[in-house]
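Have a look at the structure below before the remarks.
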Amino acid sequence: MPFKIATWNINSVRLRIGLVERFLDEHQPDVLCLQEIKCQNDQFPAKNFKKLGYEHMAVHGQKGYHGVATVSKRPLSESYSKDYVAMGDTRHISTQLEAGGRKLQIHNFYVPAGGDEADIVKNPKFDHKLKFLNEMLELPHDHSGVENILVGDLNIAPHENDVWSHKKLLKVVSHTPIETEFLDRIRDEGGWSDLVRQKISTDEIIYSWWSYRAKDWDAADKGRRLDHIWGSPSLNENLTNISILREARGWEKPSDHVPVIAEFDLD
DNA sequence: ATGACGGATCTAATCCGA
């Protein structure tokens, strides 16, 4: 049976609920993982999702900033959040569901951006980011018939072809060697497969984020691949398609991130 | 090197994003 999951940093779910509805209507993922919902749990537009058949949701939000939510057509169970770096902010939610007789644990992450300077002494935000990544090394491995999917805005573009200029971004937070090597470690030591790069070769340049500050984001095309979908290696053979919805960056009042979508054929 | 834009918030000016 087909199973489709999408991740999207929406940059305010209340402001962009219309875009979310359009996306769900046109693409019909089974599960949508949102980051930067920028609202408290009771402000989350649950009715809009229910109306479109997304009756199951796990929301972990706070006032004004951050916040993650996972919405689903299928029942969600065992929802929990881990308070990374004990900051009391809302950057992770984990849910479990069944599809095609498989149990899937879905980790939805919003990794800290890390501020301007790649220096843990001068810049506490960078220190926070590295501590957050350090705790991500402890993510659960496969156990007792549960397969894992990790999605979200990881705020790191790990590969040379995940940024518009490898050279120019080597000192820019999101693409510094300390970050990209850290992300590689989390992926490799955690036994994760980068599902997006399973389908799209590292020879190909791909982005999921373009700054609001460019005059013409499309023409300048100075993007970065900050949004990721990882999975247990056992899911590799079931992965049928990956898409990055570049066109969504051109929608009216867009998020600066676009949806990244993985499709599976689960037995 | 800087600043460009755009969000939320005790709606004005400030903090934040990456």
For this session: Would you order A:E252, A:E263 from fewest to most other beta-carbon atoms within 10 Å of each residue's own beta-carbon?
Result: A:E252, A:E263
Problem set entry | 19 Å reach of a label modelled at A:K125, 7 Å along Cα-to-Cβ, counting backbone N of the stretch A:24-39 | A:35-39
Exercise. What shape does the stretch A:2-265 take by its C-alpha gyration tensor, where a ≥ b ≥ c are the square roots of the eigenvalues and a/c under 1.5 counts as rounded, a/b above b/c as prolate, and the rest as oblate?
Worked result: rounded
For this session: Would you please give the residues with an amide H less than 5 Å from that of A:T90, counting only those at least 5 places away or on a separate chain, with H modeled from the backbone geometry?
Result: A:G67
For this session: Give a quick list of trypsin sites (Lys or Arg not before Pro) in the stretch A:3-42 that DSSP marks as loop, anything other than H, G, I, E or B, with at most 15 other Cβ atoms within 10 Å.
Result: A:R14
Seminar exercise, completed: Distance in nm between A:A214 and A:E26 label points, each 7 Å along Cα→Cβ, equals 1.9 nm
Exercise. Not counting the cut sites, what is the longest span of chain A without chymotrypsin sites (Phe, Trp or Tyr not before Pro) that DSSP labels loop and that have at most 14 other Cβ atoms within 10 Å?
Worked result: A:66-211
For this session: Within the stretch A:168-232, report the GluC sites (Glu not before Pro) that DSSP leaves as loop and that have at most 14 other Cβ atoms within 10 Å.
Result: A:E204
For this session: Please find, in a Gaussian network model of chain A (springs between Cα atoms separated by less than 10 Å), the residue of A:I206, A:I37, A:I17 whose mean-square fluctuation is greatest.
Result: A:I17
For this session: Run the quick spin-label model on A:K51 and A:W164: label points 7 Å from Cα toward the beta carbon, then report their separation in nm to one decimal.
Result: 3.6 nm
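If you keep only loop residues by DSSP, which GluC sites (Glu not before Pro) in the stretch A:1-94 have at most 15 other Cβ atoms within 10 Å of their Cβ?
Passing sites in the stretch A:1-94 are A:E55.
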Exercise. Around A:G101, what is the net charge, scoring Lys/Arg as +1 and Asp/Glu as -1 over all other residues with Cβ under 12 Å from its Cβ?
Worked result: -1
For this session: When a/c is below 1.5 the answer is rounded, else prolate if a/b is larger than b/c, else oblate, so apply that to the stretch A:16-114 with a ≥ b ≥ c taken from the square roots of the Cα gyration tensor eigenvalues.
Result: oblate
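Based on other C-beta atoms within 10 Å, arrange A:C39, A:C33 from fewest to most.
Sorted ascending by nearby Cβ count, the order is A:C39, A:C33.
None of the figures in this text is laboratory data; all of them are computed from the coordinates on show. Bear in mind that the values here come from a model prediction, so they are computed numbers and not experimental data. A quick note on method: Cβ atoms are made from the backbone with ideal geometry, for glycine too, and the neighbour counts reach across all protein chains shown.
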